[in-house]
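Each reported figure results from applying straightforward, stated rules to the coordinates on display, with no laboratory input. Quick caveat, the model's predicted, so the values are computed rather than measured. Methodologically, a virtual Cβ is constructed for each residue, glycine included, from the backbone with ideal geometry; neighbour enumeration extends over all protein chains shown.
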Amino acid sequence: MTDLHPRKMDFGFEDSDVPFNWNPDNPAWSSMSNAVSFLAIGFEKMIVKLIMQAKPRITDPEVAAEAVAFMRQEGHHSTAHRQHVNALIRRYPGLQNTLDAVIGEFDLLTERTSIEYRLAYTADLEATFTPVFKLMLDNEATLFRPGDDRVASLFLWHFVEEVEHRSSALIIYNSIVGNEMYRMRMAASIFAHVMKSIRIACQGFNQHVPLSERKVDSMSMFARHRAKQRVLTAFAPYLTKGPMPRAFDGLPIREQLTALSGAVRSQLPGHNPEHENLPVLADRWFTRYDAGYDCTRWYTAEAPEGQGEPVTSGAN
Ligand SMILES: [Fe+2]
Ligand SMILES: [Fe+2]
């Protein structure tokens, strides 16, 4: 099996208020990453159920061990995101409906689709994570560092563990289904479902979080919505939901294109995530975690006893 270690983390989201706009330098990114938190809860809940159902069909003990470690990591992710989202719900109670709706989308998948389809779903979506999260982690200085350290640390942990288990879902898929063309054929419906779930989250943000706090139209990540809003701005500006910057506007175009082509490549038959270019931050994160750093406060934690290096001077 691949080398992966489930780590349970507590970011202390109960201790004090968690702002919706957790990185005030980039409200579009704050909103988009909050939507990722909502999606993660539903998706990872689905994964845990899926692996429980699929496990009896895994005959190779190595793959079975991979599946258990993978499921544990995803379970921990789901729990931590739930704590993050619960903090947002305390502040904006209407978001409970939004969370229920997103989870409902994934519960429906569990109820109505085959194990093969959900294994393909998991393998397809997880395959995009390494190139996409590399873009985010390589730009930590603007996306994470200026933000609330609890929320930033939650995403850093989650994303580096996604890089760590980048091969797991494909290994499990290949062991049970083993049909690369099926995975590719299902991709369109899978990503339509992903986008539908993110859309539900973003619509909920627009509905339940006042513009004065979210600062942007949370739907602005959808190109079709931006086009529609441009028309509204001209003819009925009172119907618009706020400014429409994009989360990655400040990121180098070349890096964005690399992430996009990596995500497309990840869907092709024969894709092997082991060969992916990895973000430097992932290695650094694991080294620090093993050295005893408090990775729930990536940017503000003190160095552990006997470790001279202050976290803040080289946090990436
Ligand atoms: Fe995860
Ligand atoms: Fe994952």
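Using the Cα gyration tensor of the chain, with a ≥ b ≥ c the square roots of its eigenvalues, what is the shape: rounded (a/c below 1.5), prolate (a/b larger than b/c) or oblate (neither)?
The shape class here is oblate.
Assuming R0 = 25 Å, can you tell me the calculated FRET efficiency for the pair Thr110 and Asn179, based on Cβ-Cβ distance, to the nearest 0.05?
For Thr110 and Asn179, the calculated efficiency is 0.75.
Once you sort the root eigenvalues of the Cα gyration tensor of the range 1-123 as a ≥ b ≥ c, which label holds: rounded (a/c under 1.5), prolate (a/b larger than b/c) or oblate (the other case)?
prolate
Checking the cross-link filter: which lysines have an alpha carbon closer than 17 Å to that of Lys215, excluding same-chain neighbours under 8 positions apart?
List returned: Lys241.
Ignoring everything except DSSP H segments at least 4 long, calculate the 222 nm mean residue ellipticity for the chain; use -39,500 (n - 2.57) per segment, divide by total residues, nearest 500.
-21000 deg cm²/dmol
What are the extents of the Cα atoms of the range 111-158 along their three principal axes, listed from largest to smallest and rounded to whole Å?
Each principal axis gives a Cα extent; for the range 111-158 these are 43, 21, 13 Å.
Only Cα pairs under 8 Å and at least 6 apart count here; give the relative contact order of the chain as a rounded whole percent.
About 27 percent, as a whole number.
Straight distance only, please: which lysines reach the Cα of Lys55 with their own Cα at less than 16 Å, same-chain residues fewer than 8 apart left out?
Of all the lysines, those that pass the test against Lys55 - Cα under 16 Å, at least 8 places apart if same chain - are Lys45.
First select every other residue whose beta carbon is under 10 angstrom from the beta carbon of Thr2; then total the charges, Lys and Arg +1, Asp and Glu -1.
Cβ neighbours under 10 Å give a net charge of -4.
Could you list Ser197, Ser168, Ser261, Ser218 so that the one with the fewest beta carbons within 10 Å of its beta carbon is first and the one with the most is last?
With the sparsest Cβ surroundings first, the list reads Ser261, Ser197, Ser168, Ser218.
Mean Kyte-Doolittle of at least -0.5 and a Cα length of 20 Å or more along the axis: which whole DSSP H helices of the chain meet both?
Counting only whole DSSP H runs, the qualifying helices are 27-54, 95-112, 115-138, 149-164, 180-208.
How big, in percent, is the set of alpha carbon pairs in the range 160-209 lying more than 17 Å apart?
59
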